[in-house]
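Note sheet for the following structure.
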Amino acid sequence: ANRAHRYTENESYEGFNGIPTLFNHALAKLNFKVALNDTEGLADVVWTAEVTKITVEGVYDTGNLELTTTVPGGTNEAQSTWTLPSPAIWTKVGDTKADARNWVETVSLTETDNGVNAKTFDAGETYYVLPQTIVNDGQKGTITYSLTQSVGGVSTTTNHTKPFNFYGKGLDHWEMNKNITYTLTIVPQTNKILSAPAVTDWVTVTGGAQIN
């Protein structure tokens with residue numbers, strides 16, 4: 001909590017009566033959304049998907065944190081905030097990692113569930129993580145889903161379990177007091193065989209005849 005200085009009696013604070021005590025989150029929180037994005041947009045092909053599981057592993061779980069604060073000047077009552085490191089992460093100690101964490105739910109997706117319409121996946125699963133740097137080939141995940149392709153009233157469903165990395169996905173760190181949401185987007189491919197027509201160029205040759 002922030003430090004309270006020079007208080008001599010209780011006050012009204014955030015709906016309570018007492019010495020102001022503002023707590024700060026020392027950890028980060030991880031969440032997921034899922035989406036389906038048909039980039040091909042073929043009129044005769046309709047895609048749907050069901051996401052059933054997301055697994056996260058390779059998350060460091062041991063570190064230390066040193067905070068400093070400065071006593072406010074003057075004689076009035078005041079609070080002082082902690083000075084966080086920059087970036088606001090803990091110093092990793094060793095390479096111990098937490099057990100894999102699973103989000104399990106069935107979320108159905110259609111082609112309209114993309115972009116701002118991505119769906120929250122297992123909102124009830126709260127995962128607090130040690131604030132840390134995202135490293136290459138370090139923190140990883142796996143998504144499990146089924147994908148259904150419908151063409152002319154005929155549907156085909158395939159099951160998939162695909163890995164993904166957190167490195168290079170928009171964040172360099174999981175920082176303190178950050179509620180972090182990753183959107184995992186499934187991009188289906190029809191693998192439709194198309195023709196790419198072309199014609200060879202004319203080859204120019206010359207000839208001649210002598211007319212007497």
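Scanning the range 184-194 for any residue that is of a type in the set (A, V, I, L, M, F, W, C) and free of Cβ contacts under 8 Å to residues at least 12 places away in the same chain turns up at least one such residue.
Under the condition of being under 8 Å from the mean Cα position of the chain (by Cα) and surrounded by fewer than 17 Cβ atoms within 10 Å (Cβ to Cβ), the residues counted in the range 173-182 number 1. Every condition in (1) assigned to a strand (DSSP E or B); (2) over 30 Å from residue 91 (Cβ atoms) is met by residue 31 except one, and the failing one is (2).
Table: residues versus (1) surrounded by fewer than 17 Cβ atoms within 10 Å (Cβ to Cβ); (2) within 30 Å of residue 24 (Cα to Cα).
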| site | (1), (2) |
| --- | --- |
| 121 | no, yes |
| 132 | no, yes |
| 136 | yes, yes |
| 144 | yes, no |
| 157 | yes, no |
| 206 | yes, no |
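Only residues that are open to solvent by less than 60 Å² (accessible area, probe 1.4 Å) and β-branched (Val, Ile, Thr) were counted across the range 79-101, and they come to 1.
In this structure, is residue 56 open to solvent by less than 20 Å² (accessible area, probe 1.4 Å), on the phi < 0 side of the Ramachandran plot and hydrophobic (A, V, I, L, M, F, W, C)? The answer is yes for residue 56. Taken over the range 188-203, the criterion of being touching a strand residue (DSSP E or B) at 6+ places or on another chain (Cβ under 8 Å) and among the β-branched types (Val, Ile, Thr) is satisfied by 190 alone.
Here's the yes/no breakdown for (1) of a type in the set (Gly, Ala, Ser); (2) over 21 Å from residue 39 (Cα atoms):
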| residue | (1), (2) |
| --- | --- |
| 86 | yes, yes |
| 97 | no, yes |
| 111 | no, no |
| 114 | no, no |
| 151 | no, no |
| 164 | no, no |
| 172 | no, yes |
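Using the structure shown, decide if residue 125 is within 30 Å of residue 63 (Cα to Cα), at pLDDT 95 or above, of a type in the set (Asp, Glu) and under 16 Å from the mean Cα position of the chain (by Cα). When the stated conditions are applied, residue 125 does not pass them. Of everything in the range 1-32 that's open to solvent by 70 Å² or more (accessible area, probe 1.4 Å) and of a type in the set (D, E, K, R), which residue is farthest from the chain's Cα centre (by Cα)? Among those residues, the one meeting the criterion is 9. Among the conditions (1) open to solvent by less than 80 Å² (accessible area, probe 1.4 Å); (2) assigned to a strand (DSSP E or B), the only one that residue 104 does not satisfy is (1).
Considering (1) closer than 30 Å to residue 82 by Cβ; (2) in a loop (DSSP other than H, G, I, E, B), the lone condition that residue 113 does not fulfil carries the number (1).
Candidates are the residues of the range 142-161 that are in a strand (DSSP E or B) and free of Cβ contacts under 8 Å to residues at least 24 places away in the same chain; the one that is nearest to the chain's Cα centre (by Cα) is 161. Counting the residues of the range 67-85 that are closer than 22 Å to residue 132 by Cα, in contact (Cβ under 8 Å) with a residue 24 or more places away in the chain and assigned to a loop (DSSP other than H, G, I, E, B) gives 2.
The values are calculated or read from the model by the stated rules, or taken from the named source; none is laboratory data. Just so it is clear, the structure is predicted and the values come from calculations on it, not from any experiment. Every residue, glycine among them, receives a Cβ derived from its backbone with ideal geometry; neighbour counts consider all protein chains shown. Side chains included, ligands, DNA and RNA excluded: accessible areas come from the protein's heavy atoms. Shrake-Rupley method; radii C 1.70, N 1.55, O 1.52, S 1.80 Å.
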